[in-house]
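**Q** Pasting in a structure now, in structure tokens, and then I'll have a few things to ask.
The values are calculated or read from the model by the stated rules, or taken from the named source; none is laboratory data. Please read these numbers as outputs of a predicted model, since none were measured by experiment. Glycine also receives a Cβ, built like all others from the backbone with ideal geometry; neighbour counts cover every protein chain displayed. For accessibility, only protein heavy atoms count, side chains too; no ligands or nucleic acids. Shrake-Rupley method; radii C 1.70, N 1.55, O 1.52, S 1.80 Å.
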Amino acid sequence: MQQYLQNKKGLVKNVFDQVYDKYDLMNDFMSLGIHRLWKKNLIHLMSPSPDHKLIDVACGTGDIAKLFLKNTHKLSKVTCVDPNSYMIEKGRQKLKNYKNLNWIIASAENLPLNDNSFDFYTISFGLRNTKNIQKSLAEAYRVLKPGGRFLCLEFSKIQNSNLEFIYKNYSKLIPSIGKFVVGEKKPYEYLVKSIENFVNQEELIELMLKSHFEECNYRNLSGGIVSIHSGWKV
Ligand SMILES: C[S@@+](CC[C@H](N)C(=O)[O-])C[C@H]1O[C@@H](n2cnc3c(N)ncnc32)[C@H](O)[C@@H]1O
């Protein structure tokens, strides 16, 4: 499934080229720090152990890798993948005291990794940015070991109309907040549009099933502002 905006030449790369330096700060600002709780929730769902291997795709500045390693006494192994070298570099600096980390510059649609290699595949606020969701899911399935689990944390569709009304109005402010914090409005206009255009919870389940994942389900967090989708390679 091709995504229209994300296929505009250079658009997504430009977005993250412009925000990488203040990406973490802006995340805290925009979500009032709640993105940290969403990410912790994702890790709790996995209950990782030291012998587990994670691939975190669209890793950005490495938040998921850091939490995963912290939860496994820094003994597990994590491969972080992102096409944006600036984001990766920020991650490297942030996690410089962590071992067992491998950073790879690549896209979700084309992972330069062997089949059946990982216990977990995570993609946090990343699937929305890929050019092709179906290709990305196929690659996730390929690199997971049989018995491995796919987890996607992503903006989703709000379930309550009052909350939706508040959120829609708040969204209109996001580009101005971006201008204030990062000095750029355009990346945050892209953010709002890409969230609006992204598939809903049930549609993502359908795409996962098409990619052969089993026991697929999701849980909404913060009323569906975000959701975590889970599926298994059996
Ligand atoms: C919103 S950030 C998410 C970063 C991190 N996972 C987090 O939760 O904070 C989205 C990331 O997706 C990356 N990205 C863009 N296109 C991608 C693609 N085709 N495949 C994988 N990652 C991509 C961007 O470079 C960026 O680092």
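**Q** For segment 68-89, which positions are more than 23 Å from LEU137 (Cα to Cα), more than 9 Å from the ligand (Cβ to nearest atom) and open to solvent by 10 Å² or more (accessible area, probe 1.4 Å)?
**A** LYS70, ASN71, HIS73, LYS74, LEU75, GLU89 - these are the residues of segment 68-89 that are more than 23 Å from LEU137 (Cα to Cα), more than 9 Å from the ligand (Cβ to nearest atom) and open to solvent by 10 Å² or more (accessible area, probe 1.4 Å).
**Q** Scan segment 113-171 for residues that are free of Cβ contacts under 8 Å to residues at least 60 places away in the same chain and among the basic types (Lys, Arg) and jot them down.
**A** If the condition is that a residue be free of Cβ contacts under 8 Å to residues at least 60 places away in the same chain and among the basic types (Lys, Arg), then LYS135, ARG142, LYS168 are the ones that fit.
**Q** Taking into account only those residues within segment 43-65 that are assigned to a helix (DSSP H, G or I) and under 26 Å from GLN6 (Cβ atoms), which is most open to solvent (accessible area, probe 1.4 Å)?
**A** Across segment 43-65, the extreme among qualifying residues is ASP63.
**Q** Also, I was wondering about something else. Please identify the pairs in which a residue from segment 177-195 that is at positive phi has its Cβ atom under 9 Å from the Cβ atom of a residue that is open to solvent by 20 Å² or more (accessible area, probe 1.4 Å), counting only partners at least 6 apart or on another chain.
**A** Listed by first residue and then by second, the contacts come to GLY183/GLN18; GLY183/LYS22.
The rows are residues; the columns are (1) without any contact (Cβ under 8 Å) to a residue 24 or more places away in the chain; (2) more than 26 Å from LEU113 (Cβ to Cβ); (3) within 15 Å of the chain's Cα centre (by Cα).
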residue: LEU5; (1), (2), (3): no, yes, no
residue: MET26; (1), (2), (3): no, yes, no
residue: GLY33; (1), (2), (3): yes, yes, no
residue: ILE64; (1), (2), (3): no, no, yes
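**Q** Determine whether SER194 is closer than 19 Å to ILE166 by Cβ and either touching a Lys or Arg at 6+ places or on another chain (Cβ under 9 Å) or not in a helix (DSSP H, G or I) (or both).
**A** no
**Q** Shifting gears a bit: Residues of segment 1-42 being within 11 Å of the ligand (Cβ to nearest atom), hydroxyl-bearing (Ser, Thr, Tyr) and either open to solvent by 70 Å² or more (accessible area, probe 1.4 Å) or touching a helix residue (DSSP H, G or I) at 6+ places or on another chain (Cβ under 6 Å) (or both), which ones?
**A** Result: TYR20, single match.
**Q** Restricting to segment 91-120, and then to whatever is basic (Lys, Arg) and at pLDDT 95 or above, can you tell me which residue is farthest from the chain's Cα centre (by Cα)?
**A** Within segment 91-120, the match that is farthest from the chain's Cα centre (by Cα) is LYS96.
**Q** For segment 53-63, give me each residue that is within 6 Å of the ligand (Cβ to nearest atom) and not small (Gly, Ala, Ser).
**A** Answer for segment 53-63, where residues must be within 6 Å of the ligand (Cβ to nearest atom) and not small (Gly, Ala, Ser): VAL57, CYS59, ASP63.
**Q** If a residue must be touching a residue at least 40 places away in the same chain (Cβ under 8 Å), open to solvent by 90 Å² or more (accessible area, probe 1.4 Å) and not in a helix (DSSP H, G or I), how many such residues does segment 202-218 contain?
**A** The qualifying residues number 1.
**Q** Scan segment 198-220 for residues that are within 22 Å of GLU164 (Cα to Cα), within 16 Å of the ligand (Cβ to nearest atom) and more than 16 Å from the chain's Cα centre (by Cα) and jot them down.
**A** Within segment 198-220, none qualify.
**Q** OK, next. Test LEU137 against the stated conditions and say whether it is within 16 Å of the ligand (Cβ to nearest atom), surrounded by 15 or more Cβ atoms within 10 Å (Cβ to Cβ), under 20 Å from the mean Cα position of the chain (by Cα) and outside any helix (DSSP H, G or I).
**A** Answer is no for this residue.
**Q** Restricting to segment 172-201, give me the number of residues that are among the charged types (D, E, K, R) and either touching a strand residue (DSSP E or B) at 6+ places or on another chain (Cβ under 6 Å) or open to solvent by 100 Å² or more (accessible area, probe 1.4 Å) (or both).
**A** Here the count works out to 5.
**Q** Also, I was wondering about something else. Being in a helix (DSSP H, G or I) and open to solvent by 40 Å² or more (accessible area, probe 1.4 Å) is the filter here, so list the residues in segment 90-121 that pass it.
**A** LYS90, ARG92, GLN93, LYS94 - these are the residues of segment 90-121 that are in a helix (DSSP H, G or I) and open to solvent by 40 Å² or more (accessible area, probe 1.4 Å).
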